[in-house]
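Trainee: Input: one structure, supplied below.
The values are calculated or read from the model by the stated rules, or taken from the named source; none is laboratory data. Because the structure is a prediction, the values reported are computed rather than measured. No Cβ is skipped: glycine too gets one built from the backbone with ideal geometry, and neighbour counts run over all protein chains shown. Surface areas here come from the heavy atoms of the whole protein model, side chains and all, with no ligands, DNA or RNA. Shrake-Rupley method; radii C 1.70, N 1.55, O 1.52, S 1.80 Å.
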Amino acid sequence: MAPPPLKNPCQPTRHLILLLLASTATFSAAVSTRSHSSVCPAPAPAPDRHTDADDALSLARSYSSVCPTPAPAPDRHTDADDALSLARSFQIYDGYFSGGEGSLFSPDDHLHGSYRSFSLFPDRAVRTTDPALVHLTATLTLAGPRFGEYHRRHGNRGNYTVPAYISFVLDGYYSSASLQLCMVGTGTERAADRSVKRYAHVALRLRVPGPSSLADPFVNGSLDGSAGFGAIQLLAYAEGDDYEYGERATCSPPVQPARGSPRELDGGSFVCDDLKERLVTTYRLQDHHGGSPAKLPRMHVNRMQCTPDGAVRAYVVFSDDTGDAGRRSEFLVDEEAVVADGHWDSARDMLCLRACRVVRSVPMPSTLAVRECGIELSFWLPSEWTIFERSVVAGALWNPAHGRTGGVMSAFSIHDHRRNLSDVRYTYNDTMLDVAKEHDLKINKEKIRGSFPVPGNSAYHDFKLHFFVANSPRRGEAHPVAIGSVMVNEDGWSADDSLPGSAAGDTEHDLLRISYDIHWYAPPDNEWLRPTKNVSYSHRPEEERRISTSAEGVYDPRRGILSMAGCQRRNGSTDCRILITVQLASLGGLGGGGAISSLRDRSDRLFFETMNITLYGMYTEQVSEAVSRMDLESVALVASTTLSCVFAALQILHARKSPGAAAATSITMLAVLALGHLAPLALSFEVIFMSRRSQYSLGSTSGWLELNQVMMSVPALVVFVLHLRLLQLALVGRLRPAAGRSEPATTSVSERAVFKVCLPLYLLGGVITATVHAISVRGGSPAGSVGGEAATLRDGIVSYAGLMLDGFLLPQVILNASLSGSRVRAISPWFYMGGTMIRVAPHLYDVVRRQVYVPSMSPSDIYASPRGDLFGVAWDVVVLCGAALLAALLFFQQRLGAGALSLPWPKILHLWKECYMLISRGDVSSSPLRIYSSLILAGPTP
């Protein structure tokens, strides 16, 4: 302990000097102001604004009133290394706070991934003339969930949760004699209106152990905001380097052999970091002798610090939460806990710790106290994996006072990072392999077409499986653990980028031994609630639990069939009567599938219904093909859009050179073309102006794809502008008839007829599109998908606009048919033939693409995309035939005259009337001949 601070005998003298200086400064300021007013009438003097000196003076007064102890002392020179060491001793990365509900944060401690935490980072630490006193300047940051409100459509309001941060700049002193830190300052945060909100007169009081030890490992205290907010209680695990380790703990022999120490694996200064990376995780606790789950079945190594010489200390929490380890990173204070310290025993390759139980203090619930020392912990890295235990870290927990055989708990890590497993050996279970082979023999031995992944020449990712569970919205995944005798890391083979040939040849009767970890998510009771018309699955995602199954069996690389037997822990029991069969997708075929079923009797309590699964995803080779295809489609899209610009420009030249061409062009057709090109631009307006959202996403390449999409939108915008120019020329041509000619007036009348025919047709199609979408959404099964997501009404409208563009010649054909006496070639062959080919080409490509490329779960179609048109076998045929028919009709109309293909509607109506009269009189013997002769003699309508 440092001696108490000494009183300063020179303090009255300093106060007198400070008073004289303040008087002199006041007199000088008054004289300066009067001189300035007399010499410089303009600009007029103004009062001085608030300065940092004023803040410092106010801060000193505030500290004296808030922190009577420790009393301040003058700073003295501190070496840089000493100052850095001092600053580190007060540093807190992640602590927990309580309080501040309502005014600062929401009352929930943990909400949607945002949890309460605080950090303290010293900005400056210097020693003072008092050896027991340190002058400290630091930044304290509070982080926690906060509710926000936003306005929905139709006046409704919704709530959302965001992480909120408040920072406080503090200044004060720490006394190593009393272990008290007292600081004052101000806080700021960004308000909802983007302004800066200030919190004045904030006081921080902390008890900081110096040095911390197993008996005194926590930092606790409070933050008081006076009128701004109430007292906030702070609690943290001391993270400074000045920790006083106790005597070395003894280790019991490990349950399993331990593999090489991290020092041998990584060496040098990386020992501590490697230990923390492996050990700071979640563990499954079970009775060492009986195998039954512990009363608190989960153990979290929540905090850990270590030194280069192998000294280790930790904060360990126990809980009954068997769900996913989503709260491992935050400082946990609500559960049972122990604090421990010890060392890494390089001779035994294990970590040996002595632990003490942590309890909450009765007078102060925000304070943790250490009680009941004598618990021992040990951790090691298993060198052998099996289907029953395949944890990166294993351990044991016991109390020597209860004897060597009583109360021993085994710990096995879960949710591991599986890196550097080259020195781990996997041992297959003969019984499980026999079960897998038995069921593999029952599978049809018919040769399956196509080739399948072979370990010797396939990438690791080809053996990672992603699947859907049938009749549920849940997904799962399966990761290979060992293929043959070679272990598999989480990022590839343990030996090399490709599986060594020795493992590829580790087969028996052409069957390769293989082991998997399989995970999927299910509701708490593992029973699916079937959705109704208006209600979807009645459970929330946060209520789901992660179900894990370890499996091993055989793989037939000739047929792509996996047959495995699995083990699963459920309801406190281990069920190893599970069968997993999977048919992998061929390298050039569609997605595969399989089933997870129980081999138990239906009456058994561990029996479950068979779950059919559907695989999705792509092999490495298919990904390369997809990237190449996307590049090709990008070029095709840009080329087609550019050709649309060229053909529109050629039509503009044709309209200028040919008299009457603009007036004879259908305004309805031009309006359809303009609106059809506008729809995708208007509905993806944010893409043109570089929104951060991307329609296509491939991990880190989404930014490039977004840039490419913007570049592709620019030619489409040019096409839209050119069609607006064509529309302008057509309108001007109608308003300026040629001298002595009446075609514009006749054309205007015919245009009205075209509009009356096309408008109801287009509206009917739009209504059908909206109706089909509404029915499909109400039924719970969207009518289509775009990019792997359910199609929205917006997607349907854009696709329907593409269909209107496919038949863009329909208004012009109807207009020409109504102008029977006109021989004006209104449309350039480049425009209607080229435009037809541009609209037909995506459908031809879609037919080819369906035969050549394998559709993936998240298609990335750029050219012939369902976002811009209606595609499918039926639509491809309809569009091809319809567009070709309209182009042929327009060609003959402009070659033979507009009335050449017009039907004699008056004579046809007369013949229908005569036929009806003949049939009504019963004289039908001569009706076919008379009708046929009348049709032959029928000519063009006058």
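Trainee: Evaluate the following for Val687: is it at pLDDT 85 or above and part of a helix (DSSP H, G or I)?
Mentor: On the way: at pLDDT 85 or above: no; part of a helix (DSSP H, G or I): yes.
Spelling it out, it is not the case that Val687 is at pLDDT 85 or above and part of a helix (DSSP H, G or I).
Trainee: Please go through region 306-315 and give me each residue that is under 19 Å from Ile375 (Cβ atoms) and either crowded, with 17+ Cβ neighbours inside 10 Å or modelled with pLDDT under 90 (or both), ordered by number. Before you say what the answer is, go through the steps one by one.
Mentor: If we filter region 306-315 for residues that are under 19 Å from Ile375 (Cβ atoms), which is where we start, we get 311-315.
Within region 306-315, Val312, Arg313, Ala314, Tyr315 meet the criteria.
Trainee: While we're here: Here's a check for you: in region 158-174, which residue that is more than 16 Å from Arg205 (Cα to Cα) and among the aromatic types (Phe, Trp, Tyr) is modelled with the highest pLDDT?
Mentor: Tyr165
Trainee: Also: Give me a count of the residues in region 296-311 that are in contact with a helix residue (DSSP H, G or I) (Cβ under 6 Å, 6 or more places away or on another chain) and among the polar types (S, T, N, Q).
Mentor: Summing the residues that are in contact with a helix residue (DSSP H, G or I) (Cβ under 6 Å, 6 or more places away or on another chain) and among the polar types (S, T, N, Q) in region 296-311 gives 0.
Trainee: Any chance you could count how many residues in region 191-216 are free of Cβ contacts under 8 Å to residues at least 24 places away in the same chain and either assigned to a strand (DSSP E or B) or outside the structural domain of Leu104 (by the TED database) (or both)?
Mentor: Filtering region 191-216 for residues free of Cβ contacts under 8 Å to residues at least 24 places away in the same chain gives 191, 193-198.
This time we only want the ones that are either assigned to a strand (DSSP E or B) or outside the structural domain of Leu104 (by the TED database) (or both), so: 196-198.
Of the residues in region 191-216, 3 are free of Cβ contacts under 8 Å to residues at least 24 places away in the same chain and either assigned to a strand (DSSP E or B) or outside the structural domain of Leu104 (by the TED database) (or both).
Trainee: Could you run through region 217-228 and say how many residues are assigned to a loop (DSSP other than H, G, I, E, B) and open to solvent by 10 Å² or more (accessible area, probe 1.4 Å)?
Mentor: Just the residues of region 217-228 that are assigned to a loop (DSSP other than H, G, I, E, B), to begin with: 217, 225-228.
Cutting the leftovers down to open to solvent by 10 Å² or more (accessible area, probe 1.4 Å) gives us 226-228.
Looking only at that region, the number is 3.
Trainee: Restricting attention to helices (runs of 4 or more DSSP H) lying wholly within region 733-840, give those where 1 or more residues are open to solvent by 60 Å² or more (accessible area, probe 1.4 Å) and at pLDDT below 75. Can you show your working first?
Mentor: Details: elements: 743-778, 793-806, 810-818.
Helices (runs of 4 or more DSSP H) meeting the threshold: 743-778, 793-806.
Trainee: Within the set of pairs 6 or more residues apart or between chains, which connect a residue that is more than 20 Å from His519 (Cα to Cα) inside region 413-429 to a residue that is part of a loop (DSSP other than H, G, I, E, B) and of a type in the set (A, V, I, L, M, F, W, C) with Cβ atoms less than 7 Å apart?
Mentor: Final answer for the pair search is Ser422/Ala495; Asn429/Ile387.
Trainee: Tally time: how many residues in region 413-424 are open to solvent by less than 30 Å² (accessible area, probe 1.4 Å) and in a loop (DSSP other than H, G, I, E, B)?
Mentor: Just the residues of region 413-424 that are open to solvent by less than 30 Å² (accessible area, probe 1.4 Å), to begin with: 413, 421, 424.
The next check asks that each one be in a loop (DSSP other than H, G, I, E, B); those that pass are 421, 424.
Matching residues across region 413-424 total 2.
Trainee: Quick check on this structure: which one of Glu446, Glu438, Glu477 is modelled with pLDDT under 70 and open to solvent by 10 Å² or more (accessible area, probe 1.4 Å)?
Mentor: Residue meeting the stated conditions: Glu446.
Trainee: What are the pairs with Cβ atoms under 6 angstrom where one residue, in region 288-315, is within 21 Å of Arg357 (Cα to Cα) and aromatic (Phe, Trp, Tyr) and the other, located anywhere, is at pLDDT 85 or above and not in a loop (DSSP other than H, G, I, E, B)? Sequence gap at least six, or different chains.
Mentor: Close Cβ pairs satisfying both conditions: Tyr315/Tyr237; Tyr315/Asn302; Tyr315/Arg303; Tyr315/Val339.
Trainee: Return the residues of region 348-374 that are of a type in the set (A, V, I, L, M, F, W, C) and modelled with pLDDT under 75; say none if nothing qualifies. Break it down stepwise before answering.
Mentor: Here is the first cut: in region 348-374, the residues of a type in the set (A, V, I, L, M, F, W, C) are 350-353, 355-356, 358-359, 362, 364, 368-370, 373.
Residues satisfying the conditions are Val362, Met364.
Trainee: I would also like to ask the following. Sort out which residues of region 545-562 are open to solvent by 10 Å² or more (accessible area, probe 1.4 Å), touching a Ser or Thr at 6+ places or on another chain (Cβ under 9 Å) and closer than 13 Å to His479 by Cα, and write them in order of number.
Mentor: The answer is Ser550, and nothing else.
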